[in-house]
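*Asks:* Structure incoming, see below.
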Amino acid sequence: MNTTSAAKRIFQQASFLISAQQLNQCPSDNGWEVAFAGRSNAGKSSALNALTNQKKLARTSKTPGRTQLINFFALDEERRLVDLPGYGYASVPLKVKEEWQRELAAYLETRQSLKGMILLMDVRHPLQPFDTMMLNWASEGQMPVHILLTKSDKLSHGVAKTALLQVQKAVKSYNNTVSLQLFSALKMSGLEELQTRLVDWLEIDLA
């Protein structure tokens with residue numbers, strides 16, 4: 001089995017583990033996990049479903065902001081993918097949004113098993129205030145971030161490439177802790193690059 005096939009197999013065996021509303025409800029803080037974060041309309045659930053080749057692993061909805069819990073998906077006994085609450089367009093009271101924000105900050109800053117964050121941004125509207133907030137939190141915790149510029153199929157190749165270069169320039173100040181790529185869940189493009197990053201962070205042996 002080649003490396004690409006082995007990586008696909010690892011992520012396709014993902015299964016729902018638990019949902020947590022607060023940090024103290026999360027699984028035991030050991031092993032390795034990578035969190036997926038993004039605004040409510042960034043295509044986070046679609047990316048997780050494309051990665052795992054499971055249409056219903058992460059819930060997708062025409063109503064942005066459906067993910068209001070920290071959702072954990074197990075790859076094996078020691079490795080997890082984490083779907084963080086979407087933020088931005090959710091139709092919930094401000095008090096609830098503020099609570100999400102506190103829990104997200106606590107999770108990102110204190111979770112020892114968290115090895116990196118996949119930050120999803122719509123390629124047509126990157127680096128919104130939420131995105132900058134997440135980058136700053138990650139930077140404070142010295143945690144690497146890999147940006148997925150999603151919905152790249154909505155743009156021509158040239159325009160998408162220009163957007164990639166612009167974001168690349170904008171995140172240079174984070175001292176090489178931030179990497180990025182174009183991604184389309186619809187076209188299933190960019191999956192191998194994402195898998196490679198996750199295999200590295202989760203210390204998955206593909207031999």
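Bear in mind these aren't lab numbers, they're just calculated from the coordinates by the rules spelled out. The model shown is predicted, which means the values in this text are computed figures rather than measured ones. Glycine gets a Cβ as well: all are built from the backbone with ideal geometry, and neighbour counts include every protein chain shown.
*Asks:* Taking R0 as 45 Å, what FRET efficiency do you get between Gln12 and Met133 from their Cβ-Cβ distance, rounded to the nearest 0.05?
*Replies:* So, using R0 = 45 Å, E works out to roughly 0.90.
*Asks:* Continuing with the same structure: What does the highest-first list of 47-53, 76-82, 164-170 look like by mean Cβ count within 10 Å?
*Replies:* Descending mean neighbour count gives 47-53, 76-82, 164-170.
*Asks:* What is the distance in Å between the Cα centres of segment 1-57 and segment 116-143?
*Replies:* 18
*Asks:* Would you calculate, for the chain, the mean residue ellipticity at 222 nm contributed by helices, counting each DSSP H stretch of 4 or more residues as -39,500 (n - 2.57) and dividing by all residues, to the nearest 500?
*Replies:* -11000 deg cm²/dmol
*Asks:* Just to be sure I understand: of the beta bridges DSSP finds with both ends in the chain, what percent are antiparallel, rounded to 5?
*Replies:* Approximately 30 percent, going by the DSSP bridge assignments.
*Asks:* Between Glu193 and Gln112, what is the FRET efficiency for a Förster distance of 30 Å, r being their Cβ-Cβ separation, to the nearest 0.05?
*Replies:* Computed FRET efficiency for Glu193 and Gln112 comes out at 0.65.
*Asks:* Label the chain by shape, choosing from rounded, prolate and oblate, from the square roots a ≥ b ≥ c of the eigenvalues of the Cα gyration tensor; if a/c is under 1.5 it is rounded, and otherwise prolate applies when a/b is larger than b/c, oblate when it is not.
*Replies:* rounded
*Asks:* Shifting gears a bit: Which value in nm describes the separation of the simple spin-label points at Ser156 and Lys169, placed 7 Å from the Cα toward the beta carbon?
*Replies:* Label-label distance for Ser156 and Lys169, simple model: 2.0 nm.
*Asks:* Still on this model: Quick one: which residues, 5+ away or cross-chain, put their amide H under 5 Å from the amide H of Ser189? H built at 1.01 Å from N.
*Replies:* Ser184
*Asks:* Sort 119-129, 141-151 by packing, meaning the average of other beta carbons within 10 Å per residue, with the highest value first.
*Replies:* Averaged packing, sorted descending, gives the order 141-151, 119-129.
*Asks:* Check the straight Cα-Cα distances from Lys172 and name the lysines below 25 Å, setting aside those fewer than 8 residues away within the same chain.
*Replies:* Lys44, Lys115, Lys151, Lys161
*Asks:* Roughly how many debye, to the nearest 20, is the charge dipole of the chain about its Cα centre, given +1 on each Lys and Arg Cβ, -1 on each Asp and Glu Cβ, and no other charges?
*Replies:* With Lys and Arg at +1 and Asp and Glu at -1, about 920 debye.
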